[in-house]
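Worksheet: the structure to be examined is printed underneath.
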Amino acid sequence: MTHWFALEDEHMTIALDRTESSPEPIYDPLTNHTVRLSDLAFTRLAEEISSGRRGPGETLRDQSIAREFGVSRMPVREAIMRLERVQLVEVAASRHTRVTAFDAARVAETLEFAGFLYSMTTSLTALRATDESIEHGVRLLDDAIGTPEDEATLGALRAFFRLTLDHAGNRVVESLEDFTHLVQHAESARTPSENAARVRPHLADLRDAFAARESAAAAPAIHAMHRID
């Protein structure tokens, strides 16, 4: 039996034929009612890479991913180009597209980058954010400090740094949000306990500086977390 269904692409709606024998999508199909399909595809792929669901060195095939996501190949190709720009994938023309594998040197370089990025966003947010946003950030840091679970500590800290990107009051800074996936991917090369041990000694200093809106005091704590001397 043949089924016909409509698929919204970024620029047009097309009808596709799928037979009973065609593979079903693994995920719910992406839709583009509020954002572009390529943005949705990027976010899903970036989260899968940074969480380890798509591991280092894994080959990405746009046709297969498009089938999984229930979209055409074009938004997937655009998403992969965006992933390449933030170094989450490596593309060799006509050869392969694969998830970037990080060695120790690349992990260290990425963490160094993260230290400077997050110290900047935290400083700007401390200076410019509303009292409500500051309180939200302090609660996230309290969560990071208060839990004995490594994953929970890291998750709360990541949420805090995302908050600082959103409230830095600078559109150029906000455009760097894609790199948060790169940082998490680099962190995944180490165990949660190693990453938690790296940040825990400096959380209280960061929390106190941010709560007091002391931007200059927040930077040293963030640099120490990311091994910047």
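Take the conditions within 15 Å of Ala211 (Cα to Cα) and buried (at least 18 other Cβ atoms within 10 Å of the Cβ) and apply them to Ser123. Does it pass?
So Ser123 fits the description; yes.
Residue check: is Ala209 assigned by TED's automatic domain parsing to the domain that holds Phe116 and either of a type in the set (Phe, Trp, Tyr) or touching a residue at least 12 places away in the same chain (Cβ under 8 Å) (or both)?
yes
Taking the options Arg36, Arg54, Arg85, name whichever one is without any contact (Cβ under 8 Å) to a residue 40 or more places away in the chain and more than 19 Å from Met225 (Cα to Cα).
From the options Arg36, Arg54, Arg85, the qualifying one is Arg36.
Which one is farthest from Glu84 (Cα to Cα), of the residues in segment 170-188 that are in a helix (DSSP H, G or I) and among the hydroxyl-bearing types (Ser, Thr, Tyr)?
For segment 170-188, the residue satisfying everything is Ser175.
Quick one: in segment 164-179, of everything that is in contact with a Leu (Cβ under 8 Å, 6 or more places away or on another chain) and without any contact (Cβ under 8 Å) to a residue 24 or more places away in the chain, which residue is farthest from Ala104 (Cα to Cα)?
Among residues in segment 164-179 that are in contact with a Leu (Cβ under 8 Å, 6 or more places away or on another chain) and without any contact (Cβ under 8 Å) to a residue 24 or more places away in the chain, the one farthest from Ala104 (Cα to Cα) is Glu174.
Out of (1) closer than 21 Å to Thr43 by Cα; (2) not assigned by TED's automatic domain parsing to the domain that holds Arg190, the odd one out for Ser94 is which?
For Ser94, the failing item is (1).
The values are calculated or read from the model by the stated rules, or taken from the named source; none is laboratory data. Just so we're clear, the structure is a prediction, and the values are computed from it rather than from any experiment. All Cβ positions, even for glycine, are placed from backbone atoms using ideal geometry, and neighbour counts span all protein chains on display.
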